[in-house]
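First comes the structure, then the notes that go with it.
The values are calculated or read from the model by the stated rules, or taken from the named source; none is laboratory data. Note that the structure is a prediction, hence the values are computed from the model and not measured. Using ideal geometry, Cβ is built from the backbone for each residue, glycine included, and neighbour counts are taken over all protein chains shown.
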There are 2 protein chains.
Amino acid sequence: MKLKAETRKSEIIQTAAKLFKEKGYSAVTMRDIAAEMGIKAASLYNHITSKQEILKEIIISLAETFTLGLQDIQKSDSSSIKKLQDIVRLHVSIASQNTYEMASLNNDWMHLEEKLKYYLELRLNYEAEFRNIIAQGVKNNEIVNGNVEVMLFSILSTLRSLYLWIPKKEELNVENLSEQLSQVLINGINNKIN
Amino acid sequence: MKLKAETRKSEIIQTAAKLFKEKGYSAVTMRDIAAEMGIKAASLYNHITSKQEILKEIIISLAETFTLGLQDIQKSDSSSIKKLQDIVRLHVSIASQNTYEMASLNNDWMHLEEKLKYYLELRLNYEAEFRNIIAQGVKNNEIVNGNVEVMLFSILSTLRSLYLWIPKKEELNVENLSEQLSQVLINGINNKIN
DNA sequence: TAAAAAAACTAACAACTGTTAGTTTGCTTG
DNA sequence: CAAGCAAACTAACAGTTGTTAGTTTTTTTA
């Protein structure tokens, strides 16, 4: 049946993502993935067409999830600060449910072949929309009149690294972490007494 | 002569680091490195003992540079905020001079073999010292009384990602970028009018 | 329970991997 | 200019890689 095949395929992808996080795409062999599942490498090909397909499925579906999430936020008529808080929550939420896949998205995108161009489009577009939200906030006087690129880079770097850090938190409360992270990213850590 | 051999060896390491940044350690072959230098793979072995040695040299020397830099800052009797500004400058400075090597440090450390344990020690120690500086600032009331782990993670993630972003800046003024980055990381981006 | 479908298996391939051994080239120096 | 040496070369190795073909086992379905 199609449904069961989909299930087995997704098990392979999940297993692969886990190994990709540990050693990177290139260092993981089809035999590694098979061994982790307790089968032989050749058996994988009953469910997938190539190693490359696994990587593509991991990265593209995750990248599209981010893109859709950001579009929703952008459409809303919230304040710029509120939009940034929503973006933080988006990243915490996605990263917490996809810690393995996030590693491939961050570190192995360059090994995409046919889909590389499409991925780069998604990423560039994502960054441009993010930048617009910050720039709009500066115009509004909601956000301090500083270097927009530095703000974008700073926030996005932190959000993109979440997957490395979330697994170490024993109790993960998405709402709580998002709140704390927004606080730090938006208001800084300085205790301005003056 | 010893001096000339050292030079050729460091050329190999630099070439390798550049390729490692593009595709990761595992995806770069000795033949790739050789081709980039216009020689054959076997010739590399007149200067280095293994592929593994190249990675070790890249990562360990960079990690030690960070460790030494942080120790200097820690020793000083500056305020906690000033120490954080110094750490930002340390990272901007090192990252701007080692954009290739930073990629290996961030993404390929798990492929270290004999030196893996030592690397993990250095990293854990670095994070602990960084955490202490923040915690001290909280005690001082210099830093807001929030979640120290979140602050540490947020700042360190940004600093560790600098190598991805610095090459895109046409004009790189270390002092200037450090200043702007400190501003964002420490004071946030919120334009508190109230 | 028999047929069909899904999922595993064995065996093998051609290409590629890091590395070694032995040899040749070309520059430096006495 | 001859000797010595650094640095390149060719050829080859044993192991690993992704993948295919063909076959057998297991599970599902009628």
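So the values come out like this:
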read-out	value
Residues located in segment B:18-42, provided they are within 14 Å of another protein chain (Cβ to nearest Cβ), more than 8 Å from DNA strand C (Cβ to nearest atom) and assigned to a loop (DSSP other than H, G, I, E, B)	B:GLY24
Top-ranked residue in segment B:1-15 [being at pLDDT 95 or above and either of a type outside the set (S, T, N, Q) or within 8 Å of DNA strand C (Cβ to nearest atom) (or both); ranked as surrounded by the fewest Cβ atoms within 10 Å (Cβ to Cβ)]	B:GLU11
Number of positions in segment A:16-42 that are under 20 Å from A:THR99 (Cα atoms) and either within 12 Å of DNA strand D (Cβ to nearest atom) or surrounded by fewer than 20 Cβ atoms within 10 Å (Cβ to Cβ) (or both)	15
Test: residue in segment A:73-83 that is crowded, with 18+ Cβ neighbours inside 10 Å, in a helix (DSSP H, G or I) and touching a Lys or Arg at 6+ places or on another chain (Cβ under 6 Å)	yes
Where a residue in segment B:147-165 is touching a residue at least 24 places away in the same chain (Cβ under 8 Å) and its partner, wherever it lies, is among the acidic types (Asp, Glu), with Cβ under 8 Å and at least six apart	B:LEU152/B:GLU127; B:LEU156/B:GLU127
Helices (runs of 4 or more DSSP H) wholly inside segment A:118-194 containing at least 1 residues that are in contact with a Gly (Cβ under 6 Å, 6 or more places away or on another chain) and not hydroxyl-bearing (Ser, Thr, Tyr)	A:174-187
Residue within segment A:58-68 that is within 14 Å of chain B (Cβ to nearest Cβ), closer than 22 Å to A:GLN97 by Cβ and in a helix (DSSP H, G or I) present	no
Selected residue (only one of A:LYS139, A:LYS115 is over 16 Å from the mean Cα position of the chain (by Cα) and free of Cβ contacts under 8 Å to residues at least 12 places away in the same chain)	A:LYS139
Filter result for B:LYS139 (modelled with pLDDT of 95 or more and more than 8 Å from chain A (Cβ to nearest Cβ))	yes
Count of residues meeting criterion [within 7 Å of chain B (Cβ to nearest Cβ) and among the acidic types (Asp, Glu)] in segment A:144-194	0
Residue in segment B:64-76 that is under 16 Å from the mean Cα position of the chain (by Cα) and within 17 Å of B:ASN107 (Cβ to Cβ) present	yes
Selection status of B:GLU53, within 30 Å of A:LEU116 (Cα to Cα), within 26 Å of the chain's Cα centre (by Cα), modelled with pLDDT of 95 or more and among the charged types (D, E, K, R)	no
Single condition A:LYS83 does not satisfy, out of (1) within 14 Å of chain B (Cβ to nearest Cβ); (2) more than 16 Å from DNA strand C (Cβ to nearest atom); (3) closer than 15 Å to A:TYR163 by Cβ	(3)
Residues located in segment A:89-113, provided they are charged (D, E, K, R), under 16 Å from A:SER161 (Cβ atoms) and within 14 Å of another protein chain (Cβ to nearest Cβ)	A:ASP108
Flag if B:TYR45 is of a type in the set (Phe, Trp, Tyr) and either within 23 Å of the chain's Cα centre (by Cα) or more than 28 Å from A:TYR25 (Cβ to Cβ) (or both)	no
Check on A:LEU116, over 22 Å from B:SER154 (Cα atoms) and within 13 Å of chain B (Cβ to nearest Cβ)	yes
Search result, residues across segment B:43-54 that are within 12 Å of DNA strand D (Cβ to nearest atom), surrounded by 17 or more Cβ atoms within 10 Å (Cβ to Cβ) and either part of a helix (DSSP H, G or I) or without any contact (Cβ under 8 Å) to a residue 24 or more places away in the chain (or both)	B:LEU44
